[in-house]
Amino acid sequence: MAAVSISGVHKWFGQTHVIRGVDVAIADGEFCVLVGPSGCGKSTLLRMIAGLEEITEGEIAIGGRVVNRVPPKERDIAMVFQNYALYPHMTVRDNMSFALKLAKRSAADIKQRVDRAAGILGLSSYLDRFPRQLSGGQRQRVAMGRAIVRDPQVFLFDEPLSNLDAKLRVQMRTEIKELHQRLKTTSIYVTHDQIEAMTMADRIVVMRDGIVEQSGNALDLYDRPANTFVAAFIGSPAMNLVPGVARIDGGAPMVEFDGGVRLPAPMNARASDGQPVLYGMRPEHCALGANDGLPAEVVVVEPTGADTQLFCRFNGQEVTSVVRDRVACRAGDRIGLMPDLSRAHLFDATTGTRLAA
(Lines give C-alpha, C1' and ligand atoms only; values in the text may rest on other atoms or scores of the structure.)
Protein backbone atom coordinates (compact mmCIF):
# COMPACT_ATOMS: atom_id res chain seq x y z
CA MET A 1 0.00 0.00 0.00
CA ALA A 2 1.10 3.58 -0.55
CA ALA A 3 -0.02 7.18 -0.34
CA VAL A 4 -0.51 9.06 -3.61
CA SER A 5 0.44 12.73 -3.89
CA ILE A 6 -0.66 14.91 -6.83
CA SER A 7 1.06 18.30 -6.72
CA GLY A 8 0.46 21.20 -9.11
CA VAL A 9 -0.39 18.91 -12.01
CA HIS A 10 -1.24 20.37 -15.41
CA LYS A 11 -2.06 18.63 -18.68
CA TRP A 12 -2.22 20.21 -22.13
CA PHE A 13 -3.48 18.53 -25.27
CA GLY A 14 -2.12 20.93 -27.87
CA GLN A 15 -3.73 24.27 -27.04
CA THR A 16 -6.35 22.72 -24.75
CA HIS A 17 -5.64 23.02 -21.01
CA VAL A 18 -7.31 19.87 -19.66
CA ILE A 19 -5.92 19.63 -16.11
CA ARG A 20 -5.27 22.99 -14.50
CA GLY A 21 -3.16 22.84 -11.35
CA VAL A 22 -4.61 19.90 -9.43
CA ASP A 23 -3.40 19.20 -5.87
CA VAL A 24 -4.71 16.07 -4.14
CA ALA A 25 -3.18 14.08 -1.27
CA ILE A 26 -4.53 10.52 -0.95
CA ALA A 27 -3.62 8.73 2.26
CA ASP A 28 -2.26 5.21 2.46
CA GLY A 29 -5.20 2.78 2.35
CA GLU A 30 -7.76 5.44 1.44
CA PHE A 31 -10.57 4.92 -1.09
CA CYS A 32 -10.65 8.17 -3.08
CA VAL A 33 -13.28 8.88 -5.73
CA LEU A 34 -12.75 11.43 -8.50
CA VAL A 35 -16.20 12.61 -9.55
CA GLY A 36 -17.50 15.20 -11.97
CA PRO A 37 -19.36 15.65 -15.25
CA SER A 38 -18.08 14.22 -18.52
CA GLY A 39 -15.07 16.13 -19.80
CA CYS A 40 -13.96 17.47 -16.40
CA GLY A 41 -10.56 15.72 -16.59
CA LYS A 42 -11.01 12.95 -14.03
CA SER A 43 -10.12 10.06 -16.38
CA THR A 44 -7.16 12.01 -17.76
CA LEU A 45 -5.89 12.52 -14.21
CA LEU A 46 -6.28 8.80 -13.49
CA ARG A 47 -4.38 7.92 -16.67
CA MET A 48 -1.57 10.25 -15.61
CA ILE A 49 -1.34 8.42 -12.28
CA ALA A 50 -1.18 5.15 -14.22
CA GLY A 51 1.48 6.50 -16.59
CA LEU A 52 -0.74 6.21 -19.67
CA GLU A 53 -0.63 10.00 -20.20
CA GLU A 54 2.38 12.25 -19.81
CA ILE A 55 2.35 15.01 -17.20
CA THR A 56 2.86 18.45 -18.72
CA GLU A 57 3.71 20.10 -15.42
CA GLY A 58 3.75 19.17 -11.72
CA GLU A 59 4.52 15.93 -9.85
CA ILE A 60 2.78 12.67 -9.03
CA ALA A 61 4.30 10.52 -6.28
CA ILE A 62 3.32 6.98 -5.28
CA GLY A 63 4.64 5.76 -1.94
CA GLY A 64 6.92 8.80 -1.74
CA ARG A 65 8.54 8.12 -5.12
CA VAL A 66 7.99 10.65 -7.92
CA VAL A 67 6.76 8.63 -10.90
CA ASN A 68 6.57 11.29 -13.63
CA ARG A 69 9.11 9.44 -15.76
CA VAL A 70 8.54 5.92 -14.44
CA PRO A 71 7.01 3.49 -17.01
CA PRO A 72 3.51 2.19 -16.15
CA LYS A 73 4.71 -1.38 -15.53
CA GLU A 74 7.16 -0.14 -12.87
CA ARG A 75 4.67 1.96 -10.90
CA ASP A 76 3.24 -1.03 -8.99
CA ILE A 77 -0.35 -0.11 -9.81
CA ALA A 78 -3.23 -2.18 -11.20
CA MET A 79 -6.01 -0.68 -13.30
CA VAL A 80 -9.58 -1.87 -13.83
CA PHE A 81 -11.13 -0.49 -17.02
CA GLN A 82 -14.70 0.34 -18.01
CA ASN A 83 -14.81 -2.29 -20.77
CA TYR A 84 -13.20 -5.13 -18.72
CA ALA A 85 -10.36 -5.56 -21.31
CA LEU A 86 -10.32 -9.37 -20.99
CA TYR A 87 -8.63 -11.67 -23.49
CA PRO A 88 -11.56 -13.50 -25.16
CA HIS A 89 -9.50 -16.60 -26.10
CA MET A 90 -8.29 -17.15 -22.51
CA THR A 91 -10.12 -18.75 -19.61
CA VAL A 92 -10.83 -16.84 -16.44
CA ARG A 93 -7.85 -18.54 -14.81
CA ASP A 94 -5.53 -17.54 -17.67
CA ASN A 95 -6.84 -13.97 -17.76
CA MET A 96 -6.18 -13.58 -14.05
CA SER A 97 -2.75 -15.18 -14.16
CA PHE A 98 -1.43 -13.61 -17.38
CA ALA A 99 0.46 -10.70 -15.77
CA LEU A 100 1.99 -13.06 -13.19
CA LYS A 101 3.26 -15.35 -15.95
CA LEU A 102 4.84 -12.38 -17.72
CA ALA A 103 6.54 -11.52 -14.43
CA LYS A 104 7.85 -15.12 -14.34
CA ARG A 105 6.25 -16.01 -11.03
CA SER A 106 6.39 -19.64 -9.99
CA ALA A 107 3.46 -21.92 -10.87
CA ALA A 108 2.73 -22.48 -7.16
CA ASP A 109 2.69 -18.72 -6.43
CA ILE A 110 0.41 -18.06 -9.41
CA LYS A 111 -2.02 -20.79 -8.36
CA GLN A 112 -2.11 -19.52 -4.79
CA ARG A 113 -2.77 -15.91 -5.84
CA VAL A 114 -5.43 -16.81 -8.43
CA ASP A 115 -7.23 -19.18 -6.07
CA ARG A 116 -7.21 -16.55 -3.32
CA ALA A 117 -8.57 -13.81 -5.60
CA ALA A 118 -11.18 -16.16 -7.07
CA GLY A 119 -12.33 -17.07 -3.56
CA ILE A 120 -12.64 -13.42 -2.54
CA LEU A 121 -14.66 -12.57 -5.67
CA GLY A 122 -16.81 -15.70 -5.84
CA LEU A 123 -15.19 -16.89 -9.08
CA SER A 124 -13.83 -20.26 -7.98
CA SER A 125 -16.39 -22.21 -10.01
CA TYR A 126 -15.83 -20.07 -13.15
CA LEU A 127 -12.05 -20.41 -13.53
CA ASP A 128 -12.27 -22.66 -16.59
CA ARG A 129 -14.89 -20.58 -18.42
CA PHE A 130 -14.23 -18.05 -21.17
CA PRO A 131 -15.35 -14.40 -20.94
CA ARG A 132 -18.16 -14.99 -23.48
CA GLN A 133 -19.68 -17.50 -21.04
CA LEU A 134 -19.92 -14.92 -18.23
CA SER A 135 -22.38 -12.16 -17.36
CA GLY A 136 -21.31 -8.52 -17.28
CA GLY A 137 -20.94 -8.58 -13.50
CA GLN A 138 -18.85 -11.75 -13.61
CA ARG A 139 -16.56 -10.25 -16.26
CA GLN A 140 -16.03 -7.20 -14.08
CA ARG A 141 -15.11 -9.48 -11.19
CA VAL A 142 -12.55 -11.19 -13.41
CA ALA A 143 -11.10 -7.78 -14.29
CA MET A 144 -10.85 -6.98 -10.58
CA GLY A 145 -9.36 -10.41 -9.90
CA ARG A 146 -6.66 -9.77 -12.48
CA ALA A 147 -5.78 -6.60 -10.53
CA ILE A 148 -5.92 -8.26 -7.10
CA VAL A 149 -3.50 -11.08 -7.95
CA ARG A 150 -0.77 -8.52 -8.64
CA ASP A 151 -1.01 -7.22 -5.04
CA PRO A 152 -0.24 -3.65 -6.16
CA GLN A 153 0.41 -0.54 -4.08
CA VAL A 154 -2.55 1.23 -5.69
CA PHE A 155 -5.77 0.16 -7.45
CA LEU A 156 -7.09 2.45 -10.19
CA PHE A 157 -10.73 2.09 -11.31
CA ASP A 158 -11.91 3.91 -14.47
CA GLU A 159 -15.74 3.93 -14.38
CA PRO A 160 -15.82 0.13 -13.93
CA LEU A 161 -19.60 -0.12 -13.44
CA SER A 162 -20.87 2.06 -16.26
CA ASN A 163 -21.62 -0.91 -18.56
CA LEU A 164 -23.78 -2.70 -15.98
CA ASP A 165 -27.52 -2.42 -15.41
CA ALA A 166 -28.82 -0.40 -12.45
CA LYS A 167 -29.43 -3.30 -10.07
CA LEU A 168 -26.06 -4.89 -10.76
CA ARG A 169 -24.30 -1.54 -10.29
CA VAL A 170 -25.70 -1.28 -6.76
CA GLN A 171 -24.54 -4.82 -5.99
CA MET A 172 -21.08 -4.31 -7.50
CA ARG A 173 -20.38 -1.03 -5.73
CA THR A 174 -21.10 -2.78 -2.43
CA GLU A 175 -18.75 -5.60 -3.41
CA ILE A 176 -15.97 -3.16 -4.38
CA LYS A 177 -16.33 -1.31 -1.07
CA GLU A 178 -16.28 -4.60 0.84
CA LEU A 179 -13.22 -5.68 -1.15
CA HIS A 180 -11.42 -2.47 -0.21
CA GLN A 181 -12.26 -2.94 3.46
CA ARG A 182 -10.75 -6.41 3.26
CA LEU A 183 -7.60 -5.61 1.28
CA LYS A 184 -7.08 -2.03 2.55
CA THR A 185 -5.18 -1.12 -0.62
CA THR A 186 -5.06 2.55 -1.65
CA SER A 187 -7.74 2.93 -4.34
CA ILE A 188 -8.58 5.74 -6.77
CA TYR A 189 -11.96 5.42 -8.46
CA VAL A 190 -13.33 7.55 -11.31
CA THR A 191 -17.07 7.99 -11.87
CA HIS A 192 -19.58 10.60 -13.05
CA ASP A 193 -22.20 9.10 -10.69
CA GLN A 194 -22.37 11.07 -7.45
CA ILE A 195 -24.34 8.29 -5.73
CA GLU A 196 -21.43 5.90 -6.39
CA ALA A 197 -19.07 8.53 -5.03
CA MET A 198 -21.04 9.16 -1.85
CA THR A 199 -21.64 5.51 -1.01
CA MET A 200 -18.11 4.24 -1.71
CA ALA A 201 -15.59 6.95 -0.91
CA ASP A 202 -13.52 7.76 2.14
CA ARG A 203 -12.64 10.96 0.26
CA ILE A 204 -14.46 12.56 -2.69
CA VAL A 205 -12.68 14.91 -5.08
CA VAL A 206 -15.21 16.95 -7.09
CA MET A 207 -13.77 18.17 -10.40
CA ARG A 208 -14.97 20.60 -13.05
CA ASP A 209 -13.12 21.88 -16.12
CA GLY A 210 -9.81 20.45 -14.97
CA ILE A 211 -9.78 21.90 -11.45
CA VAL A 212 -10.73 20.57 -8.02
CA GLU A 213 -13.84 22.37 -6.76
CA GLN A 214 -13.84 20.67 -3.35
CA SER A 215 -12.59 17.54 -1.62
CA GLY A 216 -13.64 15.85 1.61
CA ASN A 217 -15.79 13.02 2.89
CA ALA A 218 -19.32 12.55 1.58
CA LEU A 219 -21.13 14.25 4.45
CA ASP A 220 -18.75 17.23 4.45
CA LEU A 221 -19.58 17.89 0.81
CA TYR A 222 -23.28 17.27 1.38
CA ASP A 223 -23.56 19.45 4.52
CA ARG A 224 -21.04 22.17 3.63
CA PRO A 225 -20.71 22.54 -0.15
CA ALA A 226 -18.09 25.15 -1.04
CA ASN A 227 -20.05 26.55 -3.97
CA THR A 228 -23.17 26.14 -6.07
CA PHE A 229 -21.53 23.61 -8.41
CA VAL A 230 -20.77 21.18 -5.56
CA ALA A 231 -24.15 21.91 -3.96
CA ALA A 232 -26.01 21.01 -7.15
CA PHE A 233 -23.77 18.05 -8.06
CA ILE A 234 -23.73 16.26 -4.69
CA GLY A 235 -27.10 14.97 -3.54
CA SER A 236 -30.06 13.51 -5.40
CA PRO A 237 -32.41 15.14 -6.27
CA ALA A 238 -30.18 18.20 -6.72
CA MET A 239 -30.29 21.14 -4.32
CA ASN A 240 -32.79 23.88 -5.15
CA LEU A 241 -31.03 27.22 -5.81
CA VAL A 242 -33.52 30.08 -5.80
CA PRO A 243 -32.32 33.63 -6.66
CA GLY A 244 -33.08 36.44 -4.24
CA VAL A 245 -31.64 39.48 -2.47
CA ALA A 246 -30.36 39.63 1.11
CA ARG A 247 -32.19 42.10 3.34
CA ILE A 248 -30.63 43.30 6.59
CA ASP A 249 -32.92 46.10 7.75
CA GLY A 250 -32.56 46.11 11.51
CA GLY A 251 -34.47 42.91 12.20
CA ALA A 252 -33.63 39.30 11.55
CA PRO A 253 -31.76 38.74 8.25
CA MET A 254 -34.11 37.85 5.42
CA VAL A 255 -33.93 36.92 1.75
CA GLU A 256 -36.40 38.60 -0.58
CA PHE A 257 -37.51 36.90 -3.80
CA ASP A 258 -39.25 38.28 -6.88
CA GLY A 259 -42.81 39.24 -6.03
CA GLY A 260 -41.89 40.39 -2.52
CA VAL A 261 -41.91 36.93 -0.89
CA ARG A 262 -39.47 36.75 2.03
CA LEU A 263 -37.85 33.89 3.94
CA PRO A 264 -35.63 34.02 7.02
CA ALA A 265 -31.97 33.69 6.06
CA PRO A 266 -30.39 30.31 6.77
CA MET A 267 -28.67 29.91 10.11
CA ASN A 268 -24.88 30.36 10.03
CA ALA A 269 -25.09 32.41 6.81
CA ARG A 270 -23.95 35.98 6.35
CA ALA A 271 -24.61 38.44 3.51
CA SER A 272 -24.61 42.19 2.96
CA ASP A 273 -27.83 44.15 2.63
CA GLY A 274 -28.89 44.19 -1.02
CA GLN A 275 -26.46 41.44 -2.03
CA PRO A 276 -27.78 39.15 -4.81
CA VAL A 277 -27.83 35.61 -3.42
CA LEU A 278 -28.97 32.08 -4.17
CA TYR A 279 -31.03 30.41 -1.45
CA GLY A 280 -30.02 26.73 -1.31
CA MET A 281 -32.56 24.18 -0.10
CA ARG A 282 -32.14 20.44 -0.43
CA PRO A 283 -35.43 18.78 -1.49
CA GLU A 284 -35.41 16.54 1.58
CA HIS A 285 -35.12 19.63 3.81
CA CYS A 286 -38.19 21.38 2.33
CA ALA A 287 -41.27 20.78 4.43
CA LEU A 288 -44.85 21.39 3.32
CA GLY A 289 -46.63 24.27 5.01
CA ALA A 290 -50.10 25.66 4.55
CA ASN A 291 -49.17 29.36 4.48
CA ASP A 292 -45.46 29.37 5.29
CA GLY A 293 -42.45 29.37 3.00
CA LEU A 294 -42.38 29.76 -0.76
CA PRO A 295 -45.84 29.75 -2.37
CA ALA A 296 -45.43 27.16 -5.10
CA GLU A 297 -47.63 25.36 -7.60
CA VAL A 298 -47.42 21.57 -7.75
CA VAL A 299 -46.52 20.43 -11.27
CA VAL A 300 -45.83 16.68 -10.89
CA VAL A 301 -46.25 14.27 -7.97
CA GLU A 302 -44.04 11.14 -7.94
CA PRO A 303 -44.82 8.65 -5.16
CA THR A 304 -42.00 6.11 -4.69
CA GLY A 305 -43.42 4.25 -1.68
CA ALA A 306 -40.86 5.29 0.93
CA ASP A 307 -41.33 8.97 0.09
CA THR A 308 -43.02 11.35 -2.34
CA GLN A 309 -41.26 13.74 -4.71
CA LEU A 310 -43.07 16.96 -5.50
CA PHE A 311 -41.93 18.95 -8.53
CA CYS A 312 -43.24 22.46 -8.06
CA ARG A 313 -42.88 25.88 -9.68
CA PHE A 314 -42.08 29.16 -7.93
CA ASN A 315 -41.51 32.36 -9.93
CA GLY A 316 -41.16 30.26 -13.09
CA GLN A 317 -38.41 28.10 -11.55
CA GLU A 318 -38.70 24.40 -10.71
CA VAL A 319 -38.39 23.66 -6.99
CA THR A 320 -38.34 20.08 -5.73
CA SER A 321 -39.44 18.73 -2.37
CA VAL A 322 -39.01 15.20 -1.05
CA VAL A 323 -41.54 14.35 1.64
CA ARG A 324 -40.87 11.29 3.78
CA ASP A 325 -44.55 10.50 3.88
CA ARG A 326 -47.55 10.09 1.62
CA VAL A 327 -49.31 13.29 0.73
CA ALA A 328 -52.57 14.11 -0.98
CA CYS A 329 -51.15 16.79 -3.30
CA ARG A 330 -52.15 16.86 -6.95
CA ALA A 331 -50.89 18.76 -9.96
CA GLY A 332 -52.19 22.34 -9.85
CA ASP A 333 -52.39 22.55 -6.05
CA ARG A 334 -50.88 25.58 -4.31
CA ILE A 335 -48.61 24.72 -1.38
CA GLY A 336 -45.98 26.37 0.82
CA LEU A 337 -42.40 25.04 0.87
CA MET A 338 -40.57 25.89 4.08
CA PRO A 339 -36.83 25.13 4.29
CA ASP A 340 -35.15 23.78 7.40
CA LEU A 341 -33.18 26.91 8.33
CA SER A 342 -30.49 24.90 10.10
CA ARG A 343 -29.78 22.97 6.89
CA ALA A 344 -30.36 25.66 4.26
CA HIS A 345 -27.51 27.51 2.54
CA LEU A 346 -26.81 30.93 1.09
CA PHE A 347 -24.54 31.46 -1.93
CA ASP A 348 -23.23 34.58 -3.63
CA ALA A 349 -25.15 34.87 -6.88
CA THR A 350 -22.11 36.21 -8.77
CA THR A 351 -19.29 33.92 -7.62
CA GLY A 352 -21.34 30.92 -6.48
CA THR A 353 -19.37 30.78 -3.21
CA ARG A 354 -21.17 29.68 -0.05
CA LEU A 355 -21.75 32.59 2.35
CA ALA A 356 -20.96 31.22 5.80
CA ALA A 357 -20.93 33.20 9.01
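Select from segment 252-275 the residues that are acidic (Asp, Glu) and either within 32 Å of the chain's Cα centre (by Cα) or within 22 Å of residue 296 (Cα to Cα) (or both) and write down the one among them that is most open to solvent (accessible area, probe 1.4 Å).
Residues of segment 252-275 acidic (Asp, Glu): 256, 258, 273.
Adding the requirement that they be either within 32 Å of the chain's Cα centre (by Cα) or within 22 Å of residue 296 (Cα to Cα) (or both) leaves 256, 258.
On the way: 256: 48, 258: 118 Å².
Ranking the candidates gives 258 first.
Taking strands (runs of 3 or more DSSP E) that fall entirely within segment 239-357, which contain at least 3 residues that are not charged (D, E, K, R)?
Details: elements: 240-247, 254-256, 262-264, 276-281, 286-289, 294-303, 308-314, 317-323, 334-339, 345-348.
Qualifying strands (runs of 3 or more DSSP E): 240-247, 276-281, 286-289, 294-303, 308-314, 317-323, 334-339, 345-348.
Cβ-Cβ distances below 9 Å connect the following pairs, each with a first residue in segment 205-229 that is surrounded by fewer than 18 Cβ atoms within 10 Å (Cβ to Cβ), a second residue that is among the small types (Gly, Ala, Ser) and not in a loop (DSSP other than H, G, I, E, B), and a separation of six or more residues or different chains: 211/21; 224/216; 224/356. Among the criteria (1) in a strand (DSSP E or B); (2) free of Cβ contacts under 8 Å to residues at least 24 places away in the same chain, the one residue 155 does not fulfil is (2). Pairs linking a residue in segment 102-115 that is within 18 Å of residue 144 (Cα to Cα) to a residue that is assigned to a helix (DSSP H, G or I) and among the hydrophobic types (A, V, I, L, M, F, W, C), with Cβ atoms under 6 Å and 6 or more positions apart or on different chains, are 110/100; 114/96. All conditions in (1) at positive phi; (2) more than 26 Å from the chain's Cα centre (by Cα); (3) of a type in the set (Gly, Ala, Ser) hold for residue 97, with the sole exception of (1). The condition of being surrounded by 15 or more Cβ atoms within 10 Å (Cβ to Cβ), closer than 30 Å to residue 64 by Cβ and touching a Ser or Thr at 6+ places or on another chain (Cβ under 9 Å) holds for only one of 156, 161, 127, 168, that being 156.
Residues of segment 299-314 being farther than 12 Å from residue 327 by Cα and buried (at least 18 other Cβ atoms within 10 Å of the Cβ), which ones? Scanning segment 299-314 gives 312, 314. Looking only at segment 101-116, how many residues end up being under 19 Å from residue 183 (Cβ atoms), open to solvent by less than 70 Å² (accessible area, probe 1.4 Å), out of contact with any Leu (no Cβ under 7 Å at 6 or more places or on another chain) and not charged (D, E, K, R)? So the count comes out to 1.
Among the residues making up segment 4-36, a single one is among the aliphatic types (A, V, I, L, M) and out of contact with any strand residue (DSSP E or B) (no Cβ under 6 Å at 6 or more places or on another chain): 27. Checking each residue in segment 186-200 for being open to solvent by less than 10 Å² (accessible area, probe 1.4 Å) and either part of a loop (DSSP other than H, G, I, E, B) or of a type in the set (Ser, Thr, Tyr) (or both) picks out 186, 187, 189, 191.
For beta carbons closer than 8 Å, sequence separation of 6+ or different chains, a first residue in segment 326-353 that is closer than 15 Å to residue 265 by Cα and open to solvent by 70 Å² or more (accessible area, probe 1.4 Å) and a second that is assigned to a loop (DSSP other than H, G, I, E, B) and among the charged types (D, E, K, R), the qualifying pairs are 343/282.
The values are calculated or read from the model by the stated rules, or taken from the named source; none is laboratory data. Predicted model only: the values in this text are computed from it and were never measured. Quick reminder, even Gly has a Cβ in these numbers, built from the backbone with ideal geometry, and neighbours come from all protein chains shown. SASA here: full protein model, heavy atoms, side chains in, ligands and nucleic acids out. Shrake-Rupley method; radii C 1.70, N 1.55, O 1.52, S 1.80 Å.
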